[in-house]
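A short write-up of the structure that comes next.
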Amino acid sequence: MLQAYESSPGKHRRFCGKCGTQLIAERVGYPLLILRVATLDDDPQRKPEFHIWASSEVPWLEYGSQIPSYPQWEPGHGKS
């Protein structure tokens, strides 16, 4: 069963009510959501558009140069 928690004003985190794994984060009024792709069992049939928070990645994880990479948020994040 999917559960929800408002972790900060307007930011809702959705998680498995059985094991507690966070699945989705979404912000009120923001058109996108964050999906924890490592929780998926099947291929979502979508490719990443960009990679954010690359500055916090472990050194052995390689995404390649096929998609834009940003040290923190993508340019324009949070702007309407």
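Brief remarks follow.
- Inside the range 53-69, residues that are modelled with pLDDT of 80 or more, within 17 Å of LEU35 (Cβ to Cβ) and touching a Ser or Thr at 6+ places or on another chain (Cβ under 8 Å) make up a count of 0.
- Qualifying positions in the range 1-43 - under 12 Å from the mean Cα position of the chain (by Cα), over 18 Å from GLU74 (Cα atoms) and surrounded by fewer than 13 Cβ atoms within 10 Å (Cβ to Cβ): VAL37, ALA38, THR39
- All of ILE34, ILE52 fail the test of being farther than 24 Å from GLN3 by Cα and of a type in the set (Val, Ile, Thr), apart from ILE52.
Residues checked against (1) in a loop (DSSP other than H, G, I, E, B); (2) touching a Leu at 6+ places or on another chain (Cβ under 7 Å); (3) at positive phi:
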site: SER7; (1), (2), (3): no, no, no
site: GLU26; (1), (2), (3): no, yes, no
site: ILE34; (1), (2), (3): no, no, no
site: LEU61; (1), (2), (3): yes, no, no
site: SER65; (1), (2), (3): yes, no, no
site: GLU74; (1), (2), (3): yes, no, no
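- GLU49 meets all of the listed conditions (1) outside any loop (DSSP other than H, G, I, E, B); (2) under 15 Å from the mean Cα position of the chain (by Cα) but one, namely (1).
The values are calculated or read from the model by the stated rules, or taken from the named source; none is laboratory data. All figures in this text were calculated on a predicted structure; none of them were measured in a lab. Here Cβ is always computed from backbone atoms with ideal geometry, including for glycine, and neighbour counts include all displayed protein chains.
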